[in-house]
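Notes for the one structure printed next.
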Amino acid sequence: MRIAAISPSADDGLPEEEMVRRQKRLESYMSPGTEFEQLYIAGNSIFNEKFSWKHGLDVMDRTAALAIKAAETRPDVIMIQGGIEPGVKAAREKIKDIPIVSTGQSTYNAAFQLGEQVGYKLGLIVYEDPVIEPIMDQARYYRADWMVTDCRSIGIPTNELYPRRPEVRERVIAVAKDLVRDGATMIFPQGLSMCPATIGEDELSAEIGVPVLNGLKILVRTAEMMGSLRMLSHAAQTSLR
């Protein structure tokens, strides 16, 4: 199993020790025998500045271009990290024979199944207020908005997440508790710099008393499943006969 793992940030977007820590965490989620190549966009990064549509579109274009280039090496699956899923739709329109999995869609699919047992009331947490509407657009696109009770921000811009990590942790816990108090039966921190980078899903779940969906772990496991099923490669071979 070979995964092309694409990050919507530059490889110098965070201090080296933090990049190493995140890489090791990603590897810990993978099954034995899974190989992956971590790819970063050049130049612009989600950590460079506050979210804006201009900034987001630039990251989206660069991420999609990197996915298309990665497809040339014929990985079993391409996975695109990041809660906003920059470039996913554009890459899927160009690449038809390699599965492309994304954080938001993978996690909503897990929530669909978990909700049958705990209740279909999903609370979303994002970094800052301008991201709320794009994330809700994503939920509507994946037909998941009906189970979202609310989407709230921790009020910390993307370019300040790492230097303010202790505050990020406190704010994630506080916002999650508020969402649960208002009826959420499961929580999805829609930003990997919140969970798992700043607080793990088990720790947050223990704080708030409901399941927490770790988007990165779910993404990795979904990528392994989709890559091993090889449904697109079989379909492509059949279509050529």
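The numbers here are math on the coordinates, done by the rules we state, and not lab data. These numbers were taken from a predicted model, which means no experiment stands behind them. Note: ideal-geometry Cβ built from the backbone for every residue, glycine included; neighbour counts use all protein chains shown.
Residue-wise HN-Hα couplings along the stretch 23-29, as the Karplus relation 6.51 cos²θ - 1.76 cosθ + 1.60 with θ = phi - 60° gives them from phi, are 5, 5, 5, 4, 4, 5, 7 Hz; Gly and Pro carry x. Round to the nearest 10 and give me the degree value, 0 to 90, for the angle of helix 165-181's Cα axis relative to the longest principal axis of the chain. The two axes meet at around 80 degrees.
For the stretch 53-178, the gyration tensor built on C-alpha atoms gives an oblate shape. Its axis ratio a/c (a ≥ b ≥ c) is at least 1.5, and a/b is not larger than b/c. Only DSSP H runs of four or more residues enter the estimate; each adds -39500 (n - 2.57), and after division by the residues of the chain the mean residue ellipticity at 222 nm equals -15000 deg cm²/dmol.
The residue among M60, T198, M231 whose Cα reaches farthest toward the positive pole of the charge dipole of the chain, with charges on the beta-carbon of Lys, Arg, Asp and Glu, is M231.
Just checking the listed ones, T107, T149, T34: in the Gaussian network model of the chain with Cα springs under 10 Å, the one fluctuating most is T34. The long axis of helix 103-118 is offset from the longest Cα principal axis of the chain by roughly 60 degrees.
Just going by the charge dipole of the chain, with Lys and Arg at +1 and Asp and Glu at -1 on Cβ, which of I173, I154, G215 is farthest out on the positive end? Of the options given, the answer is G215. Sorted largest first, the principal axis extents computed over the alpha-carbon atoms of the stretch 105-214 equal 38, 29, 23 Å.
Taking GluC sites (Glu not before Pro) as exposed when DSSP calls them loop (any state but H, G, I, E, B) and at most 14 other Cβ atoms lie within 10 Å, what is the longest stretch of the chain free of them, the sites themselves excluded? The reported range is 73-241. Taking amide H as placed 1.01 Å from N in the peptide plane, the amide H of V101 sits under 5 Å from that of I78, M79, I80, each at least 5 places away or on another chain. Summing Cβ point charges (Lys, Arg +1; Asp, Glu -1) relative to the Cα centre of the chain gives a dipole of roughly 660 debye.
Taking amide H as placed 1.01 Å from N in the peptide plane, the amide H of R2 sits under 5 Å from that of E35, D76, V77, each at least 5 places away or on another chain.
Computed over neighbours whose Cβ is under 11 Å from that of S233, the net charge equals +1, Lys and Arg +1, Asp and Glu -1. So which of K89/K177; K96/K217; K96/K121 end up more than 30 Å apart, counting from Cα to Cα? Check vs 30 Å cut-off fails for K89/K177; K96/K121.
For the pair E72 and D11, a Förster radius of 22 Å applied to the C-beta separation gives a FRET efficiency near 0.65, rounded to the nearest 0.05.
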